[in-house]
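For reference, the structure is listed below as structure tokens.
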């Protein structure tokens, strides 16, 4: 705690120097509040202060209900008053005609940098979050009585207008057996890890109807017959529920996610790949939604902060408020895809302290299909709001005209500012909850996908992700501290950077100058990487410089796989690494053999197999698999770039 307080003082002093403000009294306030409130002042009270600043920027004045818990002088809080007086009028609290963007950034940097530090929530807050999860799911369909049949029809029509080509492409992938499922490295409801997932024997009747196990759990029909008697194909009532857990988000509240059963996760990943490919292939769809890159949203948010043409919306409890009916209505005219989506959706959840509950939502965070499905639902409702304001049915040409001004990434939504209120009403009419404290459309502040901007200037903050290290044994904190040091350097906070350098130096962590692509934990610098001197030598084999420093070492746990499971995994990796092709006919393959799905007519089978097998020539994936149990750091020579 001592080092953390010293770091607080250092960064607040530096921010004051940037803005030419004395922060002596602010430091005293911080120290006194930490003594009274502990970490909660840093992780809860300060972030609330930062969020109130954003709201005041959007509305153009400091409201009486903002900055609660901080004494005022005139219209502004005393705490950080020097910075605030460069943004708002000290007596009235109204936004100045030309507020200091530097002071806006400084306040946000200091108050928000601790908001997402990985400190576990109290048991009471976790229980409250789980209780809210259960209550929210039970009440998710309360909005239905207020939706007229005509509004549902408009929703379905816009869904067809927006996604018909994407849905048709996915449908064809299902019908022609071009879905290639896979296992991820994460946890499953049954707690299977590593290569054990490739020995999967549990399936469901719902999956069997669309994705028969003999097609997707084995490399060929003949091999699947050997395992037919050992398969556990479960009826809907006997299916494995998702396992609900909490993971760190903020100290104010945890994030509640659901871990899917292995068979569900496996097929969800296959459908996800089809969603990705078909959205990429559709010019309109890939311009409106995304779940891979956040950069599009950030660029639009920065532009909107300058000209005010666009609004940024944020949804609370976004995934947990997507009613399964939203999805069914969207897919009404695509029965094959609807059946596949239903087959890969878990219907029950095991919630700690509440037992098994029936799920009304489509899926919790943790489902591979959660993001793409919710993005399509949200985007459809956004255009419904636009249509309601225009008071006429939208056409394909209308939708094209909104490309570049409507964008959905998860629960971060960008819409034209002129349509903001109509879109908000539409979202809330369908049971979704707009977080008005994080939605901006009137002032010059915009926030989307981790990018924060005021009047075109980037006011994003450097965040502390882990507590500061006290010794070298905590590799995770060391790695986080080096990352924090480099982010502070790039943000121009060089006094704080030197303080971090001293902290790491006292722990005997060498920090050579390296580029961001180097495996070595080192210093980012605008200076060139030194090619000679202490801690630098030339590699005799490749004639390139090497530096001596700590490198992250994380080994996948041992997980041996052979027999049918090994063959199935290798052939699946071959498929995933090659372009998708239509199934060939009359080539001597068994119908459904993975090797047949990507065969390119005109190539010899031998050359196809030899080129494909090179992709999986490293057999270590059959001996080690899964996420590392622990992370370590080891000193060795490695390239600085």
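Centre-to-centre separation between the Cα atoms of the range 58-99 and those of the range 298-348: 37 Å. Taking a ≥ b ≥ c as the square roots of the eigenvalues of the alpha-carbon gyration tensor, the range 2-115 is classed prolate because a/c is 1.5 or more and a/b outweighs b/c.
If the chain linking residue 65 and residue 398 were pulled fully straight, counting 0.36 nm for each residue of separation and taking away their Cα-Cα distance, it would gain 115.8 nm. Estimated at 0.36 nm per residue, the fully extended path between residue 168 and residue 563 surpasses their Cα-Cα distance by 138.5 nm.
Peptide packing: for 436-449, 120-133, 160-173, the average count of neighbouring Cβ atoms within 10 Å per residue gives the ranking 436-449, 160-173, 120-133, highest mean first.
Would you please give the FRET efficiency between residue 425 and residue 123, computed as 1/(1 + (r/R0)^6) with r the Cβ-Cβ distance and R0 = 51 Å, to the nearest 0.05? Working from the Cβ atoms, E equals 0.85. Extending 7 Å from the Cα toward the beta-carbon at both residue 389 and residue 306 defines two label points whose distance is 2.2 nm. As I understand it, the value is the acute angle between the Cα axis of helix 370-390 and the longest principal axis of the Cα atoms of the chain; what does it come to in degrees, rounded to 10? Computed tilt is about 70 degrees.
Rounded to the nearest 500, the 222 nm mean residue ellipticity of the chain from helices alone is -13000 deg cm²/dmol, with -39,500 (n - 2.57) taken per DSSP H run of at least 4 residues. Note on residue 96 and residue 491: the extension gain reaches 139.6 nm, defined as 0.36 nm multiplied by sequence separation minus the Cα-Cα distance. Helix 475-490 against the longest principal axis of the chain: what's the angle in degrees, Cα atoms only, rounded to the nearest 10? Result, in degrees: 60. Peptides 41-49, 104-112, 202-210, ordered by how many other C-beta atoms sit within 10 Å of their residues on average, highest first, read 104-112, 41-49, 202-210. In the list (1) 44, 35, 24; (2) 46, 34, 20; (3) 107, 38, 20, the label attached to semi-axes √(5λ) of the Cα gyration tensor in Å as derived from the coordinates here is (1). Remark: relative contact order (the range 326-461) = 15 percent; criterion is Cα-Cα distance under 8 angstrom and separation of 6 or more residues. Placing a label point 7 Å from the Cα of residue 255 along the Cα-to-Cβ direction, the residues of the range 398-427 whose backbone N falls under 20 Å of that point are 408-414.
Taking 20 Å as the cut-off, the amide N atoms of the range 375-419 that come nearer than this to a point 7 Å along the Cα-to-beta-carbon line of residue 152 belong to 377-385, 388.
When 334, 216, 526 are sorted by how many other C-beta atoms sit within 10 angstrom of their C-beta, beginning with the fewest, the order is 526, 334, 216.
Each peptide in 632-638, 261-267 gets a packing score, the mean of other Cβ atoms within 10 Å over its residues, and the list from highest to lowest is 261-267, 632-638. Taking label positions 7 Å along the Cα-Cβ direction at both residue 435 and residue 526, the computed distance is 3.4 nm, reported to one decimal. Once both labels are positioned 7 Å from their Cα atoms along Cα-to-Cβ, the gap between residue 238 and residue 332 label points is 3.6 nm. Return one number: the angle in degrees, 0 to 90 and rounded to the nearest 10, between the long axis of the Cα atoms of helix 494-506 and the longest principal axis of the Cα atoms of the chain. Helix 494-506 sits at roughly 70 degrees to that axis.
Values in this text are rule-based calculations from the coordinates and carry no lab data. Here the structure is a predicted model, which means the values were calculated and not measured. Every residue, glycine as well, gets a Cβ built from its backbone with ideal geometry; the counts of neighbours run over all protein chains shown.
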